[in-house]
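Here the structure comes first, spelled out in structure tokens, and everything after it is commentary.
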């Protein structure tokens, strides 16, 4: 169960796409963004995940709700989930993208472990459209609980580092790079990592690198296609 939650936290926290010039999220209904995660410096595939954009809904305060689904497939062609996980983001009038990380993880966990009563708290991820090098982003603190067990994830030290041009299989993009310290904890489990994510306006997450705290790379994930 912890493995499933860990995968979903990775996806929901990092899957901020962008197509609207006002925010970092893809808003074109029917568009599918495909990513591949590999071991560093090799062709060894860890998993693929796709994000398909659904309906848009204008809200009374000028914000926009955008539905999307996420699918995960392992290198062996299997998914830990029965069907794509449905979620949504809110794009505020100033372009800030808001995602409830813990809620999205609970949706996925209930799909596989329906016998448990999952609850979620915290986990609000905010990605401003106006971020620039030197900015510090708001921390993310999320908790998922079931049967007296707590699974927590904290994103801290969220720093906007620089602008950078990056080339991935889907093309070449002008990006802004965000560094985060991610700590996941549950009974008998602790995962401590440093992540770097490249975001491009008009597309969103282009690349996502994960490092161990000793500085060695764990995995790299890249956008491979936009359909």
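What about residue 197, is it loosely packed, with under 13 Cβ neighbours inside 10 Å and either touching a residue at least 24 places away in the same chain (Cβ under 8 Å) or over 19 Å from residue 120 (Cβ atoms) (or both)?
Details: loosely packed, with under 13 Cβ neighbours inside 10 Å: no; either touching a residue at least 24 places away in the same chain (Cβ under 8 Å) or over 19 Å from residue 120 (Cβ atoms) (or both): yes.
No: the conditions fail for residue 197.
Between residues in the range 98-111 that are within 22 Å of residue 59 (Cα to Cα) and residues that are surrounded by fewer than 23 Cβ atoms within 10 Å (Cβ to Cβ) and modelled with pLDDT of 85 or more, which pairs lie under 6 Å by C-beta distance while being six or more apart or on different chains?
98/90; 98/126; 103/120
Check the range 15-22 and report whether any residue there is modelled with pLDDT under 80 and touching a helix residue (DSSP H, G or I) at 6+ places or on another chain (Cβ under 7 Å).
no
The values are calculated or read from the model by the stated rules, or taken from the named source; none is laboratory data. Here the structure is a predicted model, which means the values were calculated and not measured. A quick note on method: Cβ atoms are made from the backbone with ideal geometry, for glycine too, and the neighbour counts reach across all protein chains shown.
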